[in-house]
Each structure stands twice: as C-alpha cells, then as structure tokens.
Amino acid sequence: MGLLDRLRGRLRAVAAPVAREKAAGPRRRRRVVGPGADDNQVSLRARLHDDPNDAEAFAALAEIVRRQAAEGHEDAERRPRAVADAEWALAEELAHSSRAWYPLIELGRLSLHEDLEGAQRRLGIAVEREPTGRALAESLAMLRREGMPEVALSLGVGHWRPREHVPAAGRELVQAAAEAGRIAEARRHLDALAERPDADVVDLRDQLDALAARRKAAPSA
C-alpha cells in the first residue's frame, strides 16, 4: 500500500465517527462530576448500610440524589416531581431493612399531605421498630413542624410509654397537645412525664401555665 492510500485510510477512520454523531443528532451534554463525588456517595451508602437511621448521612445522600434528579431533568414543570421521586426511592430502599425507622419517618413526611392514612401507617411502623422512643420523638416533632399537632397527638397517645421511652418523646407529646389546644390533656401527659426522675419539665409547666393564662384572658367570641 502506498503513502497516499495510507493517508486516505486514516482520513476515513477519523471521518466515520463524526458522520455517525451528525446522523444521530444533538446529544445532551454530559455533566462533569468531580472525582470525589462518587466516592462520597459510596461512603454515605456504606454508613447507611451499617446504620439506616443515620440522619446526617441520609440528609447528605438525599441532597445528592435530589440534585442529580434536578440536573438530569430538563423539563422545569416536571423537575419537582422527579426530585421528590428520587428522595422517595432512596427512603424506600433504606426502609426495607428491618432495623430502619428513620427512613420510614421520611416516607411519612413525603406522603403526609397526599396520603395521610399511608403516612400514619408508616410512622406507626417506625415507632414500633424502635423501642426507646427516639422514633416517636422524631415523628411527633416532624408532624408538629408540618403543622399537624392533632395527628401528632393521635400518634403519641397510641404509642407513648412514659416509663420506657426517652423523655424527648413525652415532651413532644405535651407540646403537640398544647398546640392542638388540649391544655388539660397536655397537663395529664406532663404529670406522667414528671414521674420520671430524668425528666426536667419545669419549662414545659411554665409554658402550659402561660398558655392557659392567655386563653383565660382572651375575650370569648
């Protein structure tokens, strides 16, 4: 083969991939990811494999999957749904572990306003899986943040065990009852909590007294 033939062969080899790319049309530009991004995900998943209730690791990994879902979805109208679905998939994956309760609370939060019954069921399972009351405290706090003290009160009354659960669970229940306007019920829960020697309830009692005074002073409609 002569020199000219060899040059023509090289030109054809270079031109072929370019022609195929043009025929295929424009492609989405790939996102360049730093070398540590995948390592970070692997590290976070390893932590969650060891402890599916590692709230810090869950939050960090959820932020990553939300960002990836947003960047991978060009339709602005559908992007929020894709982001929510990505976080749901992560929580659902972790919730399969029989040790997992925190992912169930996240599933409850994500479904709270669209499927209240399903959310309550998930929170109930989370509380039953965790014997110390941490899951109950987290669930009640989440429901209060979402503006649902009545739902929190219902969950707490059905699951709170004053002598076995951490004081934080009782505190959340008292505050949920107060926010729901059930002052007398809040006082009963407070009295039950106060029987524990490790429960400091002075501030809660002061808050209830102040709330009751404001309600008494308020003019009736």
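Annotations
- Among residues of the stretch 161-190, those that are open to solvent by 80 Å² or more (accessible area, probe 1.4 Å), more than 19 Å from P131 (Cα to Cα) and of a type in the set (D, E), counted: 1
- Positions within the stretch 52-73 being among the acidic types (D, E) and touching a residue at least 40 places away in the same chain (Cβ under 8 Å), in sequence order: D54, E71
- Any hit, the stretch 157-178, residues being of a type in the set (D, E), under 23 Å from P52 (Cβ atoms) and touching a helix residue (DSSP H, G or I) at 6+ places or on another chain (Cβ under 9 Å): yes
- When residues of the stretch 202-216 are limited to those that are free of Cβ contacts under 8 Å to residues at least 24 places away in the same chain and of a type in the set (D, E, K, R), the one most open to solvent (accessible area, probe 1.4 Å): K216
- Taken over the stretch 75-133, residues that are in contact with a Phe, Trp or Tyr (Cβ under 9 Å, 6 or more places away or on another chain), open to solvent by less than 40 Å² (accessible area, probe 1.4 Å) and more than 20 Å from R161 (Cβ to Cβ) amount to 8.
- If the condition is being open to solvent by 60 Å² or more (accessible area, probe 1.4 Å) and either aromatic (F, W, Y) or touching a Leu at 6+ places or on another chain (Cβ under 8 Å) (or both), then the stretch 39-73 contributes only R45.
- When the criteria are applied in full, A199 meets the requirement of being open to solvent by less than 70 Å² (accessible area, probe 1.4 Å), farther than 22 Å from W101 by Cα and not in a helix (DSSP H, G or I).
The values are calculated or read from the model by the stated rules, or taken from the named source; none is laboratory data. Values in this document were obtained by computation on a predicted structure and should not be read as measured data. A quick note on method: Cβ atoms are made from the backbone with ideal geometry, for glycine too, and the neighbour counts reach across all protein chains shown. The protein model used for the area step is the full one, side chains on, heavy atoms only, and it has no ligands, DNA or RNA in it. Shrake-Rupley method; radii C 1.70, N 1.55, O 1.52, S 1.80 Å.
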